[in-house]
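The values are calculated or read from the model by the stated rules, or taken from the named source; none is laboratory data. None of these values were measured; they are calculated from a predicted model. Cβ sites come from the backbone with ideal geometry, for glycine too, and all protein chains shown count toward neighbours. Side chains included, ligands, DNA and RNA excluded: accessible areas come from the protein's heavy atoms. Shrake-Rupley method; radii C 1.70, N 1.55, O 1.52, S 1.80 Å.
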Amino acid sequence: MDTEKGNTVKLLKEKRKVSTEAKEKLKEFTRTKKAIMNALNGEDLTIAQLSEKLSLPYNEVVYYLMSLLKFGLVQVGEIDDMDEYFTYKVVK
Amino acid sequence: MGKVTYDAIVVGGGIAGCEAALNIANNDFNVLLIEKDLSVGGKMILLSKVFPTLDCSACITTPKISEMARHPNITIFTGSELQKVSKYGDNLFEVSIVKNPRYVNIEDCTGCQLCEQACPVTVPDQYQLDMVGRKAAYIPFSIANPRVAAIDIDNCTLCGACEKVCPTKCIDFTQEKEEWIIHVKTVILATGFNLFNPEMIPRYGFGLYKNVVTSMQMERQLAPTRPFHTVLRPGDGKVPDRIAYILCTGSRDASVGNTMCSQICCMYSIKQAQLLMGALPMADVTIYYIDIRAFGKGFNEFYEQALGMGVNFVKGKIGKISEKKNGDLVLRYEDVCSGKLQEAEHDMVVLSVGVVANQDAQKYFTDLTLKKDRHHFVQQVDPLLNPSKTSIEGVFVAGSVSGPMDIPDSILSAGAASVEAINHIIQFS
């Protein structure tokens, strides 16, 4: 076993197939992450602006954006004059 | 298949289970604690603060679980499920357990999170009530115990990125389920409670209206390890200004099959209202209630403190919630004091969900009868004189597995259960 340490995944791959659902989830997150990062690259945007730009429902933007914030890829910008919506920007 | 003997097994690693295990272990008996989750700490470790003192919940829980995790007389199995408990001879129980693979060697993982950073997969984080994502290679939460990684194999794409970056080579995809047979002298059930599923009340719109959340979701939003950077509406990321609580969601309600008072909802809602007013000083918080049951030590003062802070209490039953185009929510309710139907608009609605029985415990005993009460909690056969005793000699209850209770009562209950368990061990040794 020691010789396999650090590469045990290949042993599981022989026994187990990755589900289509898992592959789809990965594709969807990668696609959305890329779209959000690209949209925020030039300017700071609010969730509403991102939603409009990406044609994604507001709640989905919240989920993805907050995940990217958690992973350290996005940071919080300013809040608007009404103290309602924050802008978000890419961590450089 | 491993075969081992312990003096006691504690089923459930929440605050009651931890307390019971520690008490028994401190009296020089060997204890096995099993927890189905990846971390011990139960629901309490995920709370923001506790009522009525507003002490930090994690600050109380973590020293206790650390003490337990390091105790030489305690063995902990996380990610493990109890399959069956049966009698073994006159004075022992035989317990079968399945230990699920974590795909990480706990002893070698340093919790560096490099695997997390390398993992490309993101799925909803169950410890943040699905409000934000987590990786498939992940540490359950920052104060988890053990604070080591795990692989969510159902969502893993087997890319091997985690293994490549792991500095201690602790990721091991060859791990398989382990079956254990344990012989013990006594069993303590500390499997806790479940929260009511608000989807059973469709008129509240939970799941449909994104700004209707549960009290546990709000609890996470108020915790230092929150899913968002501040309190936000999950529907559109707006900072909420008008927040409503609906008490007795799924408790004291015969229409959903739960007539019992959950005992904790009034107080945790009042606590959250106070915390919200601290987090969002400009927010208006309204609590819609049937009765405020502030029955414990310091509870009524805590309620009065909320009144003094400006929390608005409305005695009223909510008939229906509807959503406006902008995500705001309209509550239609009967104002009990005026006897009139009223409508009020809020940015966000928090459903103060009730406590329901976790019926897992009954499934473990196939050839023994573990009686349950009419609310499906484990029955205390002598609730006045021996509240930890069950219908099976040598099996005891700790915490909310026998009915709703708050944290101090759960700890008291665990104390009683551990004393009874120790007596049982001594008597039959």
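Do we have B:M309 as in contact (Cβ under 8 Å) with a residue 12 or more places away in the chain, open to solvent by 40 Å² or more (accessible area, probe 1.4 Å) and either farther than 24 Å from B:E199 by Cα or outside the structural domain of B:A223 (by TED's automatic domain parsing) (or both) here? Criteria met by B:M309. Listed here are the helices (runs of 4 or more DSSP H) enclosed by segment A:3-92 that have at least 2 residues being hydroxyl-bearing (S, T, Y) and modelled with pLDDT of 95 or more: A:20-42, A:58-70. Can you go through A:K92, A:K33, A:K27 and tell me which one is within 9 Å of chain B (Cβ to nearest Cβ) and open to solvent by 70 Å² or more (accessible area, probe 1.4 Å)? That would be A:K33, the only listed residue that is within 9 Å of chain B (Cβ to nearest Cβ) and open to solvent by 70 Å² or more (accessible area, probe 1.4 Å). Picking from residues in segment B:165-223 that are part of a loop (DSSP other than H, G, I, E, B) and under 21 Å from B:I76 (Cα atoms), the one that is farthest from the other protein chains (Cβ to nearest Cβ) is B:A190. In segment B:108-146, of all residues being surrounded by fewer than 17 Cβ atoms within 10 Å (Cβ to Cβ) and charged (D, E, K, R), the one that is nearest to the other protein chains (Cβ to nearest Cβ) corresponds to B:D130. Among the residues of segment B:217-225, is there at least one that is under 17 Å from B:V330 (Cα atoms) and surrounded by fewer than 19 Cβ atoms within 10 Å (Cβ to Cβ)? Checked segment B:217-225: no residue is under 17 Å from B:V330 (Cα atoms) and surrounded by fewer than 19 Cβ atoms within 10 Å (Cβ to Cβ).
Considering (1) more than 22 Å from B:Q217 (Cβ to Cβ); (2) open to solvent by 50 Å² or more (accessible area, probe 1.4 Å), the lone condition that B:G316 does not fulfil carries the number (2).
Scanning segment B:144-164 for residues that are assigned to a loop (DSSP other than H, G, I, E, B), over 30 Å from B:I24 (Cα atoms) and β-branched (V, I, T) returns B:I153, B:T157. Scan segment B:382-393 for residues that are surrounded by 13 or more Cβ atoms within 10 Å (Cβ to Cβ) and closer than 21 Å to B:S262 by Cα and report the count. Here the count works out to 3.
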